[in-house]
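Beneath this line is the structure, given in C-alpha cells, with notes to follow.
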Amino acid sequence: MNELTIRRPDDWHLHLRDGAMLKGVLPFSAAHFARAIIMPNLVPPVVTVADAQSYRARILDSLPDGVDFEPLMTLYLTEATSPDDVAAGHESGLIKAVKLYPAGATTNSDSGVKSIDRVMPVLERMAAMGLPLCVHGEVTDASVDIFDREAVFIERVLAPLRERVPDLKIVMEHVTTKDGVDYVASAERNLAATITTHHLIINRNAILAGGIRPHYYCLPVAKRETHRQALRAAATSGDRRFFLGTDSAPHVDPSKECGCGCAGIFTAINTLSCLAHVFEEERALDRLEAFTSLNGPAYYGLPVNSATVTLKRLPEPIRLPGKIDTGAGPVTVFDPMFALHWQVC
Ligand code: OTD
Ligand code: ZN
Ligand code: ZN
C-alpha cells in the first residue's frame, strides 16, 4: 500500500503552551489535526472556566489565517476546584475534560492533587454529567522507582478511584507500560487510554545507551522494550479503548540540553509520518484510522471529522526539519531514528 486516506485525525493530548511558543508550534498541529485536547499545565495553570475561555481565545488568535482547528479545552484540577465552575464549563460546551495531575508528577504539576478525598465532590459531579477525567497516571512517592510509578499508580490510585466512582469516565493518559495496557484492556466501561507517538518508537535505551540524550526524555519516562511492544500491540489492535494522544510537549533546546533538562518530546510535526511507519511495520495500516481518528471521538462522545487526509509513501525519505525556530527559541523535533517515507498530503 502506497497511499492511505483516512478521516482527519485528532490529538487527544497536546501541549500548545502560550505566547511566542504557542504561535510557533500551533501551525504544525493545526496542519494535520482537526481538534486537540489542550493540556492545561501553563504557568499559572488553567484552573477556572474563565482561564480556559481566555486561553482558547489566545489559541484561536494564534492560528494562521484560514486554518481550521478546534481546541478542546480542559481544566487543571486542584483541591480548590469548584464543582459548580466545572459544571458550568461543561454545560456551556467549552470544557471537554478535567485533568488530574498528582502534585509533582510532571512539568508544571505543582498545583496538582495531593489527596483524592479533597476532589471527590468535583469527581462525583463529573460522573453525573459524563465529563471525562484525564489522568496523569504516575505516583509521586519518592520511594517508588521512576520506572514503576505507572504500575503503582494503577494499584494505589486508579483502581480504588474507579471502584469509588464507577460512573466516572476516565482516560489514562500516555500509557507507557504493559501493566497499563492490560489494566485498560480489562476494563469493561469508563476507561480508555491515550498512547503517544514516541512511546511506540523508543524504549529507555534511547535515553541512556551510548550517551545521555535529553530529547528522548519525557514523562512518563520510556520503559523497557517489552512495554513498547505491548503499546504497539494495543495501538494497532483497533481496540476502541486506545487512541492517539501525542503529548507533543515543546521545550526550547537550552531547557533540555542542560544539567537538569525538562521532560517533553516535540512530535507535532512528524507524528502522522511516524505512525504510518509504525502501523506499516506492524502490518496494521488498515487500523491507523481507528487509532488516530475514530476511537477518540467515540470515547469523548464527539462526531468523527468529515474531512480526510491522505498519506503517501514516497520512495525517497521525506524531508522534515530537525529543529524549528519559534519566537521563544529553537525546539528540536523528535527523531524516530529511522527514515520517514510517509508524507501527509
Ligand atoms: N510529559 N512533558 C510535559 C508534559 C508531559 O506528562 C505529560 O503530560 C510538559 O512539558 O508539559 C512531559 O514529558
Ligand atoms: Zn502527563
Ligand atoms: Zn502531556
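All of THR78, THR48 fail the test of being more than 16 Å from ligand 1 (Cβ to nearest atom) and within 18 Å of THR107 (Cβ to Cβ), apart from THR78.
State all residues of the range 169-183 that are surrounded by 22 or more Cβ atoms within 10 Å (Cβ to Cβ) and either closer than 19 Å to VAL333 by Cα or not small (Gly, Ala, Ser) (or both); if no residue qualifies, say none. Matches in the range 169-183: ILE170, VAL171, MET172, GLU173, HIS174, VAL175, THR176, THR177, VAL181, TYR183.
Taking every residue in the range 280-296 that is within 14 Å of SER237 (Cβ to Cβ) and pairing it with any residue that is of a type in the set (Ser, Thr, Tyr), at least 6 positions away or on another chain, the pairs with Cβ-Cβ distances below 6 Å are GLU282/THR236; ALA284/THR236; ARG287/THR236. Scanning the range 204-235 for residues that are out of contact with any Leu (no Cβ under 8 Å at 6 or more places or on another chain), of a type outside the set (Gly, Ala, Ser) and over 20 Å from VAL144 (Cβ atoms) yields ASN205, ILE212, ARG213, PRO214, HIS215, TYR216, GLU225, GLN229. Within the range 152-165, identify whether any single residue is in contact with an Asp or Glu (Cβ under 7 Å, 6 or more places away or on another chain), assigned to a strand (DSSP E or B) and within 16 Å of ligand 2 (Cβ to nearest atom), and answer yes or no. There is no residue in the range 152-165 that is in contact with an Asp or Glu (Cβ under 7 Å, 6 or more places away or on another chain), assigned to a strand (DSSP E or B) and within 16 Å of ligand 2 (Cβ to nearest atom). No other residue among ALA185, ALA192, ALA206, ALA233 is of a type in the set (Gly, Ala, Ser), modelled with pLDDT of 95 or more and within 30 Å of VAL252 (Cβ to Cβ) apart from ALA206.
Can you tell me which condition GLU280 does not meet? The list is (1) surrounded by fewer than 23 Cβ atoms within 10 Å (Cβ to Cβ); (2) assigned to a loop (DSSP other than H, G, I, E, B); (3) not hydroxyl-bearing (Ser, Thr, Tyr), and all the others hold. Of (1) surrounded by fewer than 23 Cβ atoms within 10 Å (Cβ to Cβ); (2) assigned to a loop (DSSP other than H, G, I, E, B); (3) not hydroxyl-bearing (Ser, Thr, Tyr), only one is false for GLU280: (2). Applying the condition of being over 19 Å from the mean Cα position of the chain (by Cα) and not in a helix (DSSP H, G or I) to the range 256-277 and asking which residue is farthest from ligand 3 (Cβ to nearest atom) yields GLY259.
Taking residues in the range 1-28 that are under 27 Å from ALA298 (Cα atoms), and partners anywhere that are charged (D, E, K, R) and within 16 Å of ligand 2 (Cβ to nearest atom), the pairs with Cβ atoms closer than 6 Å and at least 6 places apart or on different chains are HIS13/GLU173; HIS13/ASP247.
The values are calculated or read from the model by the stated rules, or taken from the named source; none is laboratory data. Remember, it's a predicted structure, so these values are computed and weren't measured experimentally. Quick reminder, even Gly has a Cβ in these numbers, built from the backbone with ideal geometry, and neighbours come from all protein chains shown.
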